[in-house]
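Read the figures in this text as sums done on the coordinates, not as results from a lab. Note that the structure is a prediction, hence the values are computed from the model and not measured. Ideal geometry is used to build each Cβ from the backbone, glycine not excepted, and the neighbour counts take in all protein chains shown.
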Amino acid sequence: MIWMEDFATAEKEEVEGRFDLSTTAVTPVQISKEFLPSRARYLRAWYRISISIKTYSAEKNIESTIGPQIAVLRLWGDVWKQNNKIYLYSDPASENVRGYLNLEPFMLSWTEGNDIERIPDECQITLEIEYDPGKTLNRTSCPEVVREADPEIGCRTELSETGITVDYRGQIKGEGWNHRLPMDIKYAYPIDDRLLVLLRRGTEGVSDPNVECKPSRNILYFDSGGNIKWRAQPSKANDGEQTHYRNLWRYDDRLLARTAAQSYVELDAETGSVI
């Protein structure tokens, strides 16, 4: 099985009623609007999205569950390598394309080989799309439009997997702890009962921060007690100067990042060191 987790935003709506979800690591994922969480079917919404690809079997569960904040889609994938896409269908008998995934991320150099060979011609695709209202409101330049689309939206997102609440303006809260950060939060990935956070350089965070963070080490990993397990090792640009991290995603059991110098970096998930 191949698995990836990334953040995505709804950038535009196609004529067929499908949304282009622009991600960190890949060209857009396209998915039918009715497959998105019911509370988040609007442009500019942000989602945390995981994709798993495995060999298709008719005996496997292909039922989808769509709720207000989370949609779990089990779809049938038809791989067209000549078009660089996996076309998505509700079931093998359907001829109605409900969207597609791009094969590009499985051919990039950071995969250490051509992972496209791991993808069967027919496969089962599971997409888990979780609406992130806090990130949506923090990143939008049109808050009035977002509030009209989702009147219940606020600046905080509660991560059900961890019991942690993330305020993208620079604050995270867990049971018995409250961290105020010196920069805004750009990405927050819950991993079991822990939290992986990338901070946005050039932002101010909240007043009176109680966590220190150098701009070049702007990825932090918190354990279940709110303790900082590691800060990412600085990465260097071609001129030897330290740069900062701009994007972050997960690929199988690996942590991948893109720096401000536009280079790909892999981080050790246990230590935060550059591999």
Test set (1) surrounded by fewer than 21 Cβ atoms within 10 Å (Cβ to Cβ); (2) in contact with a Lys or Arg (Cβ under 6 Å, 6 or more places away or on another chain); (3) of a type in the set (A, V, I, L, M); (4) more than 21 Å from SER22 (Cβ to Cβ) - ILE191 fails condition number: (2)
Residues that are of a type outside the set (A, V, I, L, M, F, W, C) and either crowded, with 21+ Cβ neighbours inside 10 Å or touching a strand residue (DSSP E or B) at 6+ places or on another chain (Cβ under 7 Å) (or both), drawn from region 242-262: GLN242, THR243, HIS244, TYR245, ARG246, ASN247, ARG250, TYR251, ASP252, ARG254, ARG258, THR259
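Rundown of residues vs (1) more than 23 Å from ALA25 (Cβ to Cβ); (2) assigned to a strand (DSSP E or B), yes/no style:
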site	(1), (2)
ILE185	no, yes
LEU196	no, yes
GLY202	no, no
VAL206	yes, no
GLU212	yes, no
GLY240	yes, no
ARG246	no, yes
2 or more residues touching a strand residue (DSSP E or B) at 6+ places or on another chain (Cβ under 7 Å), of a type outside the set (Gly, Ala, Ser) and under 26 Å from LEU198 (Cα atoms): qualifying strands (runs of 3 or more DSSP E) within region 1-106: 2-13, 18-23, 29-32, 46-55, 70-80, 99-102
Test: residue in region 49-69 that is within 16 Å of the chain's Cα centre (by Cα), over 21 Å from VAL97 (Cα atoms) and buried (at least 18 other Cβ atoms within 10 Å of the Cβ): no
Test set (1) in contact (Cβ under 8 Å) with a residue 60 or more places away in the chain; (2) out of contact with any Lys or Arg (no Cβ under 9 Å at 6 or more places or on another chain); (3) under 22 Å from ASP6 (Cα atoms) - LEU127 fails condition number: (2)
In region 114-138, residue farthest from TYR187 (Cα to Cα) [restricted to those that are outside any loop (DSSP other than H, G, I, E, B) and of a type in the set (D, E, K, R)]: GLU122
Enumeration of residues in region 248-275 that are part of a strand (DSSP E or B), over 24 Å from VAL211 (Cα atoms) and among the hydroxyl-bearing types (Ser, Thr, Tyr): TYR251, TYR264
Some residue of region 133-154 being touching an Asp or Glu at 6+ places or on another chain (Cβ under 9 Å), under 17 Å from ASN227 (Cα atoms) and either surrounded by fewer than 18 Cβ atoms within 10 Å (Cβ to Cβ) or not acidic (Asp, Glu) (or both): no
